[in-house]
Amino acid sequence: MTTAKDPVAAFPGHGAETSAAHPAGLAAPAHPGAFDPESTLRLRVPPVRGSEPAPGYTFDEITRANWALGPVPDRGWSPEPGSRRTWVSRALLACLLLVQAVLSLRLHNTAFEDEALYIYAGHAMIGHLFHGVPDYGGFSTYFSGSPVLYPVLAAWVDSAGGLTAVRLMSLAFMLGATGLLYSFARMLFNERTALCAAGIFAVSQSTLFLGYFATYDASAILLLALSTWILVRVAHGHWALPLAAAPVAALAVGVKYASALFLPTVAALLVLAAHRHLGRRQALLRGAAFTGGVTVLLAAGLATTDYLQAIRSTTTERAHGTTSVTTMAWDCFRWGGLIFVLACLGAALYTRRDRLGEVPGGPRTGPGAGWRLALGAVLAGTALLAPAYQLHLQTSVSLHKHIGYGLLFAAPMAGVGISRLMGAHFRFPQAAIAVGVLALTLGMSQSAQNYGVWPDGSHLMPELAKNVRPGQKWLGQPHEAPVYYLSHAGLTDYTLWTSIYYIDYTGRRGRHLMGPDGYRAALDDGWFDGVVLDWSDQPGDVQTLIRGEMRTSGRYRLASALTYRTSVGTGHFEIWLRLPSAHTR
């Protein structure tokens, strides 16, 4: 007689292959751990007669029998990725890189003053290094990076393809940084977290802006990403392997001095990655080897160059500004707040629970809570370094660019946060979609706004080309872009232009005059053949002085006035030419 508690044995045709281990009536696999799709789909349902269940059965037992599933294999979520998962992840990464490239290439404007200055300085340094031309620019005394590294490379690319080619080089650097971010985030976590990290970083305003901007920053970020990738990759190997990343990290500092601010984060990641598998002693040994190698290389660089003055003036002892802390804090939140909040969320959730996969059960073999907390604090906290330093200085110059350095390291933990918001098996995809849409919207709008801060000089350059003659002396703001564009036509060079930031003029009586007195005396003497002014809604004191002096001296006339509109206001360029009889010296 069949018992009421054995629903399988009550029906003919259900043999010994269904044991007590499978009360729902599913066929047992051939051996433990094996997966039989056919048996998973074959449900054993007790008969129902009318509105009553079969004798000896309850509706709860029948319901459980209908909905019971067989054993689910966990190979799809194995820590070791298969070839299919690897190629799918790479295809998704390629799509992210394509989106990043398109969003950066949509930006357009004429050369910013820093872009023009660095490229022209590179041409001057090439002439000095390879052709014996005197180093008249003094670039090593005030550049924020070595003038023989990025500027020389940018000038070489400019000779081949102009400003567009140099900006495309920056795009290649930022795409490479995103790819390296994906790679070392995958090594620290998994593919899904790495894709989320790469996606949130790829559409941030700093990434999009620097992806089509010809300055040091894109190359410095790439070198930081490369050094981090090398260290995470070799952390489990021989203790001397981290020395391979020392030249890359030192080169990043040489390209952009402020990159040194992020070297402690790079070293900390090495120690944490090694500590997880090798223990404290071996981790500290590898961290000491890397730190020692970078220190020796940087010390050698300082001992053989004269860059210390520039490092002090542009980085360590930079002049304080007057921007309010409230304004700067709001800018920091607008440009990097989303990634930072996601990184903090990811750090908190990762510290609470280590499992990153989708299988709820299984052995717990992940790192301890202390290690997870340290990793989260290092990655998320790095996003605060550049904002904190510039808040201390109260200067917002280049803040929208410098935020991107810290976001490179915060992005992996932000990827953890996004992954946890989605849940296992993408249970809440709407959360990730909402975050992605918000990040994309902010990145596109903010990068376009920052790219339109400086005026478009496409109408100014042709007008200047009509008036500038070889050998003429000009006073200008801006002057970097005119020098860059007009030097290609052989009309002028850097030595013939004076900016509104510095003047050392020898007056009629042989006195050296600087500042307002220098500008006033030079204009009264008719020293400059022409003057170009950027007259915006809020002109500076020096611009007001120059304009007033030209109006009252009777030695200059207004030749052209070209209006423009930027993302922050309106203004116009003024071109003043010296009268033929006004040159008294």
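The values are calculated or read from the model by the stated rules, or taken from the named source; none is laboratory data. Computed from a predicted structure; not experimentally measured. Here the Cβ positions follow ideal geometry from the backbone for every residue, glycine too, while neighbour counts run over all protein chains shown.
Apart from one condition, S560 fits all of (1) among the hydroxyl-bearing types (S, T, Y); (2) in a loop (DSSP other than H, G, I, E, B); (3) over 27 Å from A124 (Cβ atoms); the exception is (2).
Which one of L103, L107, L168 is at pLDDT 95 or above and outside any helix (DSSP H, G or I)? Let's see the steps before the verdict.
Details: L103 fails: outside any helix (DSSP H, G or I); L168 fails: outside any helix (DSSP H, G or I).
Just one listed residue meets the conditions, L107.
Evaluating E317 against the criteria (1) within 29 Å of V271 (Cβ to Cβ); (2) modelled with pLDDT under 95 leaves one unmet condition, (1).
Rundown of residues vs (1) outside any helix (DSSP H, G or I); (2) over 24 Å from T563 (Cβ atoms); (3) over 40 Å from the mean Cα position of the chain (by Cα), yes/no style:
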| site | (1), (2), (3) |
| --- | --- |
| V453 | yes, no, no |
| E463 | no, no, no |
| Q472 | yes, yes, yes |
| Y484 | no, no, no |
| G490 | yes, yes, no |
| L533 | yes, no, no |
| Q543 | no, no, no |
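Out of all the residues in region 563-577, is one or more assigned to a loop (DSSP other than H, G, I, E, B), buried (at least 16 other Cβ atoms within 10 Å of the Cβ) and in contact with a helix residue (DSSP H, G or I) (Cβ under 9 Å, 6 or more places away or on another chain)? Checked region 563-577: no residue is assigned to a loop (DSSP other than H, G, I, E, B), buried (at least 16 other Cβ atoms within 10 Å of the Cβ) and in contact with a helix residue (DSSP H, G or I) (Cβ under 9 Å, 6 or more places away or on another chain). Condition (residue is without any contact (Cβ under 8 Å) to a residue 12 or more places away in the chain and either farther than 20 Å from A273 by Cα or among the hydroxyl-bearing types (S, T, Y) (or both)) applied to region 169-186: is it met by at least one residue? So far as region 169-186 goes, yes, one or more of its residues are without any contact (Cβ under 8 Å) to a residue 12 or more places away in the chain and either farther than 20 Å from A273 by Cα or among the hydroxyl-bearing types (S, T, Y) (or both). For region 297-336, the candidate set comprises residues that are among the aromatic types (F, W, Y) and in a helix (DSSP H, G or I); within that set, the residue that is farthest from the chain's Cα centre (by Cα) is W330. Is at least one residue of region 437-451 of a type outside the set (S, T, Y), surrounded by fewer than 16 Cβ atoms within 10 Å (Cβ to Cβ), without any contact (Cβ under 8 Å) to a residue 40 or more places away in the chain and in contact with a helix residue (DSSP H, G or I) (Cβ under 8 Å, 6 or more places away or on another chain)? No, because not a single residue in region 437-451 is of a type outside the set (S, T, Y), surrounded by fewer than 16 Cβ atoms within 10 Å (Cβ to Cβ), without any contact (Cβ under 8 Å) to a residue 40 or more places away in the chain and in contact with a helix residue (DSSP H, G or I) (Cβ under 8 Å, 6 or more places away or on another chain). Any residue at all in region 489-496 that is within 20 Å of L163 (Cβ to Cβ), among the hydrophobic types (A, V, I, L, M, F, W, C), outside the structural domain of W156 (by TED's automatic domain parsing) and at pLDDT below 90? Checking region 489-496: at least one residue is within 20 Å of L163 (Cβ to Cβ), among the hydrophobic types (A, V, I, L, M, F, W, C), outside the structural domain of W156 (by TED's automatic domain parsing) and at pLDDT below 90. A single entry from A448, A386 fulfils the requirement of being within 18 Å of L224 (Cβ to Cβ), among the hydrophobic types (A, V, I, L, M, F, W, C) and part of a helix (DSSP H, G or I): A386.
Among the residues in region 507-524, are any outside any strand (DSSP E or B), small (G, A, S), in contact with a helix residue (DSSP H, G or I) (Cβ under 7 Å, 6 or more places away or on another chain) and modelled with pLDDT under 90?
Taking every residue of region 507-524 in turn, at least one turns out to be outside any strand (DSSP E or B), small (G, A, S), in contact with a helix residue (DSSP H, G or I) (Cβ under 7 Å, 6 or more places away or on another chain) and modelled with pLDDT under 90.
Kindly establish whether Q446 is modelled with pLDDT of 90 or more and in the same structural domain as S396 (by TED's automatic domain parsing). Considered against the rule, which asks whether it is modelled with pLDDT of 90 or more and in the same structural domain as S396 (by TED's automatic domain parsing), Q446 comes out as yes.
Report whether or not L96 is closer than 30 Å to P455 by Cβ, touching a Leu at 6+ places or on another chain (Cβ under 8 Å) and modelled with pLDDT of 65 or more. Here the answer is no, as L96 does not meet what is asked.
The set of residues from region 191-200 being touching a Ser or Thr at 6+ places or on another chain (Cβ under 6 Å) and either of a type in the set (S, T, N, Q) or surrounded by 24 or more Cβ atoms within 10 Å (Cβ to Cβ) (or both) comprises T193, C196, A198. Pairing residues of region 468-484 that are under 20 Å from A214 (Cβ atoms) with residues that are surrounded by fewer than 23 Cβ atoms within 10 Å (Cβ to Cβ) and hydroxyl-bearing (S, T, Y), at Cβ distances under 6 Å and at least 6 apart in sequence or on separate chains, gives H479/S499; V483/Y494.
If you take the residues in region 95-150 that are acidic (D, E) and within 19 Å of the chain's Cα centre (by Cα), which one is farthest from T314 (Cα to Cα)? Residue satisfying both the conditions and the ranking: E115.
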